[in-house]
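Written below as structure tokens is the structure these notes are about.
The values are calculated or read from the model by the stated rules, or taken from the named source; none is laboratory data. As the structure is a prediction and not an experimental result, all values here were calculated from the model. For neighbour counting, all protein chains shown are included, and Cβ atoms are generated from backbone atoms with ideal geometry for every residue, glycine included. All accessible areas refer to the heavy atoms of the entire protein, side chains included, with ligands and DNA or RNA removed. Shrake-Rupley method; radii C 1.70, N 1.55, O 1.52, S 1.80 Å.
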Amino acid sequence: MALLAFHSGERPTGAQRADHVSGQTARPDPADAVTARELARLLFDQDGERERVHAPWRSLIAQGAFRHQPGLGPEQRAAQSYARLRLVNDTLDDPEALATDPALLTGLHEWAAIVDGGGGLTTVASIHYNLFLGSLLDHDDNAPRDLAEFTSLRRIGTFLCTEVDHGNDAPALETTARLDPETGGFVLHTPHPGAAKFMPNTSTLGGPKSAVVAARLLIDGRDEGVFLFLTPLTDHDGPLPHISITPLPLRPNAPVDHCLTSFDHLPLPRRALLQGAHGRLNPDNTLTSVLGNRRKRFLTSIARVTAGKLCMSAAAIGASRAALAIAVRYGEQRHVSGSRPDRRVPVNTHRTHHSRLLESVATAYAMTVLHRSLTAAWSRHTADDRDDVERLIALTKAWITWQARSITLEARERCGAQGLLPANLLAGFPEYVEGTITAEGDNLLVSTKAAAELLHHPPTAPLADPGPPHLTNPRHLRDLLAHTEHAFHTQAGSALRNGPSRDPQARWNTASTPALHRARTHTLVRAADALLATLARTGHEPTQRLLTELTTLFLLTQLAPHTGTLLADNHITAEDVHQFPATVDALTHSLRPHLTTLTDGFDLPPLYLDSLPLLHSGGSRAEDHRYGLRPTPQ
């Protein structure tokens, strides 16, 4: 297979161009600054709203209040999350508009996640604006609610759904809200310790709090399903009567006041019930609902979880981009012994080092543009396509957050011991990403559910014009992914048809592995489509050339595990299989000089990067404060 023409005969021109003979670093090429700006436009200005959606958050997190502060204890770091939440709120003209704007809301998560302690800030912001305030706004109660105390942060909102005994099976939760016929209100109760609400941030830290509580509505002993109830929890002095709150251990790099919360026959007014078409309480205490299914009522009540999946994905993407930008810059500045004793070269010169970073950068680009396309789809979804969009959001959240775990760990490792120091931020990113993997639905569970649903839909169709069947043609590689998806779909269908009869669980067990592979590959095809659409948005030839190579590298690395299937199904030849490693190597060689340009496209604020000690060469006692170190007494 012939490689793209620019793989040979041209001298590399990267923002930090490395000489392939000496390994020395050349001067930055001004042309690469133009390419980096175009890449940033493609990543952040997909809908022409870069200034509205990203610029405010990018500017905010560059401020000194978001820098690493050494010496803080766990509770101080948790309090810092709420102090920063107030800084976020101060930037908003209309907090309600943030809760109802998926692009602006996910943009906040992308940028907030990258600061020191960003896991804590992102968590409390996601809960307050999306799950709490968003749920209040989504329910069309008969009379408007006054939300001023929440939009001003006089009271902070939280969301209580998960219970000790009920996490991923939240529809079976056991907290009850019994309609009291004498008062017309409700009695909120935790029947046993296993029904305690698990993990929400309900302490007095940060100020008084209220919650939206998911509870089973009981009317005359009849279970009407799970609804949401607006419930004050604390004042400045502690929990309100009938409420018990037990703090859980604080996570160092995602500092949030997680707690166990229980209710002991807490009386609530009738107005506490959040109502809508899925359930409305009539004056005669009968319930009217357009949904006869209690499970559907529950899913409608907690519909904000879908936007939450987009938010968790956005936070993981932001952390991934920041980790890679830091690691790449460090790799250009950190010099090690070269091929001769008198020569020192940047660590990025070594293929074993930069190839891992390049593959991660390619994945981060794919993650970003796929997420952009889904955020736009969610903003304009209709009742007809809602299920399809929700399913792809769930699959994408799983893929993105799993990839982010690998990327942030890789970036940390590439920076050695420097990456372990809290002031350099890298050690904190993987821990927070772990939280995104579990939040808003455990990845494996939501992937399994979506994979089962996806089997009722045909696999992705090939492109009408994929172009020549070259391993350097990204359209052809996209179609190879589509063929891989079709193969897994066929395997899963066969397993279902031929599985044990009269045992649905056993039949699904035989089909689940290819079904999950099919679902993941389906997500990758959508990522490929998003990358191809991004390529079509630029007329800047150097950017298009660079992004074409990066897209090709991404697709080849995703296809590599499936070459056996593709060969068996006659979609590639034996020669193609042998060419895969060489093609990846040639792409890596060509992209290496542009590694810094690619991460410059992530558009991190210079003040943010300049605050990181590992990006400053040398070291002395003067650096001790930057690292949060204290001199040892002599």
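So which residues in the stretch 410-434 are farther than 26 Å from HIS616 by Cα and surrounded by fewer than 21 Cβ atoms within 10 Å (Cβ to Cβ), if there are any at all?
Matches in the stretch 410-434: GLU434 only.
State which residue pairs qualify: first residue farther than 12 Å from HIS354 by Cα and inside the stretch 324-344, second residue β-branched (Val, Ile, Thr) in any location, beta carbons under 7 Å apart, and separation of 6 or more residues or different chains.
Final answer for the pair search is ALA325/THR599; ARG334/VAL347; HIS335/VAL345; VAL336/VAL345; VAL336/VAL347; GLY338/VAL345; ARG344/VAL336.
Limited to the stretch 318-344, what total is found for residues that are open to solvent by less than 10 Å² (accessible area, probe 1.4 Å) and not in a helix (DSSP H, G or I)?
From the stretch 318-344, those open to solvent by less than 10 Å² (accessible area, probe 1.4 Å) are 318-328, 331; that's our starting set.
Now drop any that are not not in a helix (DSSP H, G or I), which leaves none.
Total meeting the criteria: 0.
Say we look at the stretch 480-493 and pick out the residues that are over 11 Å from LEU455 (Cβ atoms) and out of contact with any helix residue (DSSP H, G or I) (no Cβ under 6 Å at 6 or more places or on another chain); which of these is surrounded by the most Cβ atoms within 10 Å (Cβ to Cβ)?
Going through the qualifying residues, I end up with HIS483.
Which numbered condition trips up ARG50, out of (1) surrounded by fewer than 19 Cβ atoms within 10 Å (Cβ to Cβ); (2) farther than 16 Å from GLY601 by Cβ; (3) not aliphatic (A, V, I, L, M)?
Evaluating ARG50 over (1) surrounded by fewer than 19 Cβ atoms within 10 Å (Cβ to Cβ); (2) farther than 16 Å from GLY601 by Cβ; (3) not aliphatic (A, V, I, L, M) leaves (2) as the failure.
Give me the residue from the stretch 451-499 that is among the hydroxyl-bearing types (Ser, Thr, Tyr) and out of contact with any Ser or Thr (no Cβ under 6 Å at 6 or more places or on another chain) and, out of that set, nearest to THR510 (Cα to Cα).
Pass one, the stretch 451-499, residues among the hydroxyl-bearing types (Ser, Thr, Tyr): 460, 472, 484, 490, 494.
Then keep just the ones that are out of contact with any Ser or Thr (no Cβ under 6 Å at 6 or more places or on another chain); that gives 460, 490, 494.
On the way: THR460: 23, THR490: 13, SER494: 10 Å.
So the residue we want is SER494.
Look through the stretch 218-271, keep the residues that are outside any strand (DSSP E or B) and at positive phi, and return whichever of them is least open to solvent (accessible area, probe 1.4 Å).
Here the answer is GLY221.
Taking the conditions exactly as written (surrounded by 18 or more Cβ atoms within 10 Å (Cβ to Cβ), polar (S, T, N, Q) and either at positive phi or in contact with a Leu (Cβ under 9 Å, 6 or more places away or on another chain) (or both)), does THR363 satisfy them or not?
No, not satisfied.
Against the condition under 30 Å from GLY428 (Cβ atoms), out of contact with any Ser or Thr (no Cβ under 6 Å at 6 or more places or on another chain) and not in a loop (DSSP other than H, G, I, E, B), how does SER203 come out, does it pass?
no
Would you mention how many residues in the stretch 272-295 are under 19 Å from GLY157 (Cβ atoms) and in a loop (DSSP other than H, G, I, E, B)?
Qualifying residue count, the stretch 272-295: 2.
Starting from the stretch 384-409, keep only residues that are touching a residue at least 60 places away in the same chain (Cβ under 8 Å) and crowded, with 19+ Cβ neighbours inside 10 Å, then list their pairs with residues that are of a type outside the set (Ser, Thr, Tyr) and not in a helix (DSSP H, G or I) whose Cβ atoms are within a distance under 8 Å, requiring at least 6 positions of separation or different chains.
Qualifying pairs under 8 Å: ALA394/GLY441; LYS397/GLU440; LYS397/GLY441; THR408/LEU426.
Residue-by-condition table, conditions (1) closer than 30 Å to HIS166 by Cα; (2) assigned to a loop (DSSP other than H, G, I, E, B):
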| position | (1), (2) |
| --- | --- |
| GLU434 | yes, no |
| GLY467 | no, yes |
| HIS470 | no, yes |
| HIS486 | no, no |
| GLY493 | no, no |
| ARG502 | yes, yes |
| THR521 | no, no |
| ALA527 | no, no |
| ALA530 | no, no |
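Report, by residue number, each residue of the stretch 436-455 that is over 18 Å from the mean Cα position of the chain (by Cα) and in a loop (DSSP other than H, G, I, E, B).
Once the filter is applied, which keeps residues that are over 18 Å from the mean Cα position of the chain (by Cα) and in a loop (DSSP other than H, G, I, E, B), the stretch 436-455 yields only LEU455.
Kindly state which helices (runs of 4 or more DSSP H) lie completely within the stretch 1-116 and contain at least 2 residues that are modelled with pLDDT under 95.
30-44, 74-90
Within the stretch 117-157, restricting attention to residues that are acidic (Asp, Glu) and part of a loop (DSSP other than H, G, I, E, B), which residue is nearest to SER379 (Cα to Cα)?
Here the answer is ASP140.
From the list SER373, SER301, SER379, SER313, exactly one residue is open to solvent by less than 10 Å² (accessible area, probe 1.4 Å), farther than 30 Å from ALA582 by Cα, of a type in the set (Ser, Thr, Tyr) and under 20 Å from the mean Cα position of the chain (by Cα). Which is it?
Being open to solvent by less than 10 Å² (accessible area, probe 1.4 Å), farther than 30 Å from ALA582 by Cα, of a type in the set (Ser, Thr, Tyr) and under 20 Å from the mean Cα position of the chain (by Cα) holds for just one of SER373, SER301, SER379, SER313, which is SER313.
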